[in-house]
Amino acid sequence: MNASDIETLIQRWDGEEVIVRYDRPAETWMFMAIHSTRLGPPVSGGTRMKSYDTPSDALRDAMKLSSAMTNKLALAGVSHGGGKAVFAVPRDLDSEVRAGLLRRYGTLLTQLGGFFLTGPDVGTSPEDMDVIAETGAPNVFSRTPEAGGAGDSGPTTAAGVFAAVRVTCEWLFDNPSPAGKRVVVQGAGSVGRSLIAMLRDAGAEVLFSDVDDGAVRRVRDEFDVTFVPPDDVYTTPCDIFSPCALGGILNQTTIPRLTCRAVVGSANNQLDTDEDAQRLRSRDILYAPDIVINIGGLMGIIGMETEGWSRREAFTRVSSQVDGTLRRVYELADAEDLDTHTAALHIAAERLADPPDWRPVPRTEG
Ligand code: PHE
């Protein structure tokens, strides 16, 4: 990849705008991809921090994640535009360097005047949101409770995925309860851990995998669930495979190896390409689209922080949102002979054409 690839990527993208900065002290490329203001501003999306092989890989990720946000928000009836911030760090940053980067980002968000609304994503935490918000930056969500935020967005994200597990069990097995069903959870981060707890409490047989030894140890200490080595995660026979780590893991190499009845997980952009939805369908594996079922982090946290929802109310609202939309998706896919991802995109397009009206964070005056 060379620099001109970034030009090509931006030129071919169907999104509206990319804000680019090279942060010298942290040796970090910062890309903010603003996919759509159709339902905004604000334009909402997480802030991701990760190492990439090249800056263009990071930009490509930001673009893809940001267009998924547009569809995700539309599907959930949240009247915000879709965006994503991706920071391509050269390595794990030392804590002072990291804080400096986050503070400079805070200044940028202030300059944008609330136009971009953000929260934690892969590689960032509520503590990071505190650092950003301390600069006075507006619309920074999911800060720690000590700083006045609603904290970790993992549990409400998991609530949405759990609701999707129930809809999927009902669709496939005529009974929404996951009791006795075998679920393999890939990724024991903040969503994975909460989901494991909910599934286990509901009587499912839970297996899990993670590439991080510390995360594996924590889950093993906390719950009585079986560890699956990362290499076996796709081939372990189960009813439901639940990807809760990184995207792109449903592809032409992994799909032929899957031995599950359904895929229901929280990771963003699970499908490597849109054709992978068709690949899953040909194998008769029901796919609960990520853009339908992983809205719970953003929706729950924003509801708690701006509408005064209790945690319990956030769980209920997220669950019923995901339940309703996922049923529509399964029904439409069935009726129109579509894969479920395409069916979800149809519904998103409908809502983008006729905007929903829940705008929990108001438009900023430009
Ligand atoms: N990571 C969240 C997502 O992908 C982003 C987010 C979380 C935004 C919490 C706001 C609050 O949807």
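The values are calculated or read from the model by the stated rules, or taken from the named source; none is laboratory data. As the structure is a computational prediction, the values presented were derived from the model and not from experiment. Glycine also receives a Cβ, built like all others from the backbone with ideal geometry; neighbour counts cover every protein chain displayed. Protein only, heavy atoms only, side chains kept; ligands, DNA and RNA dropped before computing areas. Shrake-Rupley method; radii C 1.70, N 1.55, O 1.52, S 1.80 Å.
Considering region 311-330, the residues that are within 16 Å of the ligand (Cβ to nearest atom) and aliphatic (A, V, I, L, M) include one that is nearest to VAL263 (Cα to Cα), namely VAL322.
Residues that are part of a loop (DSSP other than H, G, I, E, B) and open to solvent by less than 20 Å² (accessible area, probe 1.4 Å) within region 237-247 comprise CYS238, CYS244, listed in sequence order. Within region 248-274, restricting attention to residues that are β-branched (Val, Ile, Thr) and outside any loop (DSSP other than H, G, I, E, B), the residue that is farthest from GLY123 (Cα to Cα) is ILE255. Count of region 91-112 residues, restricted to those that are closer than 12 Å to MET32 by Cα and either crowded, with 24+ Cβ neighbours inside 10 Å or in contact with a Phe, Trp or Tyr (Cβ under 7 Å, 6 or more places away or on another chain) (or both), is 2. Scanning region 128-145 for residues that are within 12 Å of the ligand (Cβ to nearest atom) and either at pLDDT below 95 or open to solvent by 30 Å² or more (accessible area, probe 1.4 Å) (or both) returns ASN139, ARG143.
When each of PHE116, PHE162 is tested for being closer than 29 Å to ILE293 by Cβ, more than 14 Å from the ligand (Cβ to nearest atom) and either open to solvent by less than 40 Å² (accessible area, probe 1.4 Å) or not small (Gly, Ala, Ser) (or both), the lone residue that passes is PHE162.
Residues checked against (1) farther than 22 Å from SER177 by Cβ; (2) not β-branched (Val, Ile, Thr):
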| site | (1), (2) |
| --- | --- |
| THR235 | yes, no |
| CYS238 | no, yes |
| GLY248 | yes, yes |
| ASN251 | yes, yes |
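Looking across region 286-309, the residues that are open to solvent by less than 20 Å² (accessible area, probe 1.4 Å) and assigned to a helix (DSSP H, G or I) come down to ASP290, ILE291, VAL292, ILE293, GLY296, GLY297, MET299, GLY300, ILE301, ILE302, GLY303.
If you filter region 6-36 down to residues that are among the β-branched types (Val, Ile, Thr) and surrounded by 18 or more Cβ atoms within 10 Å (Cβ to Cβ), you find that the one that is farthest from the chain's Cα centre (by Cα) is ILE6.
Take GLY77 and tell me if it is open to solvent by 20 Å² or more (accessible area, probe 1.4 Å), out of contact with any Ser or Thr (no Cβ under 6 Å at 6 or more places or on another chain), within 15 Å of the ligand (Cβ to nearest atom) and on the phi > 0 side of the Ramachandran plot. In short, no. Taken together, the residues in region 287-310 that are near the ligand (Cβ under 9 Å from one of its atoms) and farther than 19 Å from CYS169 by Cα amount to 9. Among the residues of region 37-61, those identified as within 19 Å of ILE295 (Cβ to Cβ) and either under 18 Å from the mean Cα position of the chain (by Cα) or within 12 Å of the ligand (Cβ to nearest atom) (or both) are PRO42, VAL43, SER44, GLY45, GLY46, THR47, ARG48.
Quick one: is ARG257 within 15 Å of the ligand (Cβ to nearest atom), open to solvent by 10 Å² or more (accessible area, probe 1.4 Å), of a type outside the set (Ser, Thr, Tyr) and over 17 Å from LYS64 (Cβ atoms)? Considered against the rule, which asks whether it is within 15 Å of the ligand (Cβ to nearest atom), open to solvent by 10 Å² or more (accessible area, probe 1.4 Å), of a type outside the set (Ser, Thr, Tyr) and over 17 Å from LYS64 (Cβ atoms), ARG257 comes out as no.
Checked against (1) within 21 Å of ASN139 (Cα to Cα); (2) open to solvent by 10 Å² or more (accessible area, probe 1.4 Å); (3) modelled with pLDDT of 95 or more, MET69 passes all but condition (2). Being among the aliphatic types (A, V, I, L, M), under 26 Å from ALA58 (Cβ atoms) and surrounded by fewer than 23 Cβ atoms within 10 Å (Cβ to Cβ) is a description that applies to ALA215.
Within the option set ARG317, ARG312, ARG328, ARG283, being without any contact (Cβ under 8 Å) to a residue 40 or more places away in the chain, under 22 Å from THR118 (Cα atoms) and open to solvent by 80 Å² or more (accessible area, probe 1.4 Å) holds for one residue only, ARG317. In summary, ASP61 fulfils each of the numbered conditions (1) surrounded by 19 or more Cβ atoms within 10 Å (Cβ to Cβ); (2) assigned to a loop (DSSP other than H, G, I, E, B) with the single exception of condition (2). Evaluate the following for ALA88: is it surrounded by 24 or more Cβ atoms within 10 Å (Cβ to Cβ) and either on the phi > 0 side of the Ramachandran plot or more than 13 Å from the ligand (Cβ to nearest atom) (or both)? Here the answer is yes, as ALA88 does meet what is asked.
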